[in-house]
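Asker: A single structure is presented below for examination.
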Amino acid sequence: MKTAVFVSGRGSNLQAILDYRQGKKSIEVEAVVSDKLNCPAFEIAKRNSIQAFSVGSKDGYISYEQLASSLSELDIDLIVLAGFLKLIPVDFIRRFENRIINIHPALLPSFGGKGMYGINVHNAVFKSSAKVSGATVHLVDPDYDHGKIIAQQCVDISDVKSPEEIAERVLDIEHKILPYIVGKFADGKVKIVEDRVVILD
Ligand code: GRF
């Protein structure tokens, strides 16, 4: 299965997918896409000889329309948003219906939506005094962090002393749950049954 991974920064989730595919050859990362002209995640792409695209409306960027054509030419089956901070245009989502997933560092539908990214999420979770947090993989629809939930995994945060501690524990989970779900897509084991997403064994 051919994937394109959309990033905005560090790229640790991209690296987790690349590490996972050592044992899961059915996953290919054919492209890395960012809303930036350069970012640490592009260094990961370069090291792995993966082509990189910068999408946006400024000079030097390609448009979402051009990106959609390039990804279609690459026969991309699944688009993985891994820290991509921009809202994906509706036309682009429609073109890749039910084939765009996102990883969110909290248990949606709580602590999601516009502005809820990175440490903002963990600050809100910490301030709420929540005893568990976790990561969510979901299908992407036109709203932030809103599409059907595919998988979640929670972690005990009852003993944390800072939002940064929450971020660290949740990131560990992200690095496991995201590659695992990409693998399930590669195996054709993610289905929508009666309006719910089901992962087949
Ligand atoms: C992750 O915490 C992810 O949940 C959020 O953005 C962060 C990306 O981190 N959407 P990285 O760039 O994959 O290290």
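Asker: GLY23: more than 22 Å from HIS175 (Cβ to Cβ) and among the small types (Gly, Ala, Ser), yes or no?
Answerer: no
Here is a yes/no grid of residues against (1) of a type in the set (S, T, N, Q); (2) surrounded by fewer than 14 Cβ atoms within 10 Å (Cβ to Cβ); (3) outside any loop (DSSP other than H, G, I, E, B):
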position	(1), (2), (3)
SER54	yes, no, yes
ILE88	no, no, no
PHE111	no, no, no
ASN123	yes, no, yes
LYS127	no, yes, yes
GLY134	no, no, yes
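Asker: Please state which of the following conditions PRO142 fails to meet, knowing it meets all the rest: (1) surrounded by fewer than 16 Cβ atoms within 10 Å (Cβ to Cβ); (2) outside any loop (DSSP other than H, G, I, E, B).
Answerer: (2)
Asker: Now a separate question. Only one residue in GLU164, GLU97, GLU168, GLU174 is of a type outside the set (Lys, Arg), closer than 30 Å to GLN66 by Cβ and in a helix (DSSP H, G or I), so which one is that? Reasoning before the result, please.
Answerer: On the way: GLU164 fails: closer than 30 Å to GLN66 by Cβ; GLU97 fails: in a helix (DSSP H, G or I); GLU168 fails: closer than 30 Å to GLN66 by Cβ.
Step by step, each of GLU164, GLU97, GLU168, GLU174 is checked, and only GLU174 is of a type outside the set (Lys, Arg), closer than 30 Å to GLN66 by Cβ and in a helix (DSSP H, G or I).
Asker: Give the number of residues within the range 59-88 that are at pLDDT below 95 and away from the ligand (no atom under 16 Å from the Cβ).
Answerer: 2
The values are calculated or read from the model by the stated rules, or taken from the named source; none is laboratory data. From a predicted model like this one, the values you see are computed outputs, not experimental measurements. Cβ: placed from backbone, ideal geometry, glycine included. Neighbour counts: every protein chain shown.
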